Each structure stands twice: as C-alpha cells, then as structure tokens.
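Reading through the structure tokens given below for one structure.
Values in this text are rule-based calculations from the coordinates and carry no lab data. Small disclaimer: the values here were computed from a predicted structure and weren't measured. When we count neighbours, we look across all protein chains shown, and the Cβ atoms used for this are built from the backbone with ideal geometry, even at glycine.
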Amino acid sequence: MSATHATRYLYLARHGEATPDERGLTPTGRRQAVLLGERLRDVPLSAIHHGPLPRAAETAQLIGARLDGVPAHACEPAGDYVPYTPRRDELPTDCADFLLDFVRGFPSGERARGPLLARTAEERFTGCVKGSEDRHELVVTHNFLIGWLVRAALDAPKWRWLGLNQCNAALTVIRYPPPGRPPSVLFSNDMAHLPAPLRWTGWAPELRVAG
C-alpha cells in the first residue's frame, strides 16, 4: 500500500532591507520584517528556515517573534548563492551577453558550489509531504533562491531564475500537492502587508511599478 501524501505550502520571503555593509537590517528592513511576521501570524507554520547571513537571520528572528513558538533553523541551502550558471547556447541571443556578464560578476567559488546548494534546497523544501496533514513552512532567504524555486515550480528553463526578482520582505507562496498534480505558484513578490513607503526596496528604480 502506498504511503499517504499531503500538500506542502512553501512560503518564501526575501530578507528585509539590509545596511550597506549587509551586517544587519536598516530600520526600514526591521519594520518590513515585523509586518511580514504579523501577516503570517495566522498561518499554521511548522518551521522557519533561514539562511546563515545576518540579514536573513535577523529577518527570521523578527518574524518569529510575532508567531507562537514556531522553531527557526539556520541552514546553508537557504543562503545566498548563484543556483545555476547558464551556457550561452541556452540563452536568448539578444540578452545572452547581459545575463552572462551578470552571473560572471560573482566569485567563481560561489558559482561552483551554488548548484549543489540549490539541489539540496529543492530536496529539503519542495514537493508534497508524507502523511495525512498539510505542511506550511517559511524560508527566509535571498533573491536568487526564490527565483530558482519559482522557476522550478513552473518547469521553466534552468537559466530563467535570472530576472525573477523579489523585493525586500515580499512574500511568495508555492503549493506542492500530492502526486498527480503539478505545483502552483499561488502568488509571487507580494507586498500587501507593507505600506507604500516600505515597498519596492531591493529593486532598481526602473523595475518599480505603481500599486
């Protein structure tokens, strides 16, 4: 007899706005994290996973303070890294140079170890769960991993994590149902919990839109 499977709801959040030296959050970033925690207060989260860097850890701590006893865990696969370096022949001709220059701007060591961490993140955080109870988990992470997991849920080409950007403390939710149905991106880069002055941080000005 096959094991019973239930649905996983994966909540993904980019850290709050960081200080220039990235050693912590700005006052704006701390307020963003608090408001995100308040938004998640009624979600039956079983765990908070966060990357090891201070900006992610502080964001997770502030979110967790608004929740009721949800355990938080630091883990490297939730960290900041390049999940995949594309080949030129994978990319659209008109933007290949731009995308390759962007990725090559990161240290070679980070690019080399990123794919392994990305695979580990997928194994740990995605897919349905065994048992009869749905699971809700939060991962406080960085822009690249969220883009990678959204891309994977949509079965898009591996290079397409590029350009899937997240604002600070924005929320993305992916639903992984039992076998036989595909994942669903329920919403992405949602900032409904943030007042207008706290939205759109972490993005270049030309990427921002009204609303």
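Hey, what did the chain get for relative contact order, percent, Cα under 8 Å, at least 6 apart?
Relative CO of the chain lands at 31 percent.
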| note | So for the stretch 1-117, using the alpha carbon gyration tensor with a ≥ b ≥ c as root eigenvalues (a/c under 1.5 gives rounded; past that, a/b versus b/c decides prolate or oblate), I'd call it oblate
| Contour minus Cα-Cα distance for residue 21 and residue 184 (0.36 nm per residue) | 55.1 nm
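Nearest 5 is fine: what % of DSSP beta bridges in the chain come out antiparallel, could you say? Walk me through the numbers on the way to the answer.
Values: 13 of 28 bridges.
For the chain, the DSSP antiparallel bridge percentage is about 45.
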| query | Going toward the positive end of the dipole of the chain, with +1 on Lys and Arg Cβ and -1 on Asp and Glu Cβ, which of 93, 64, 105 do you reach last? | reply | 64
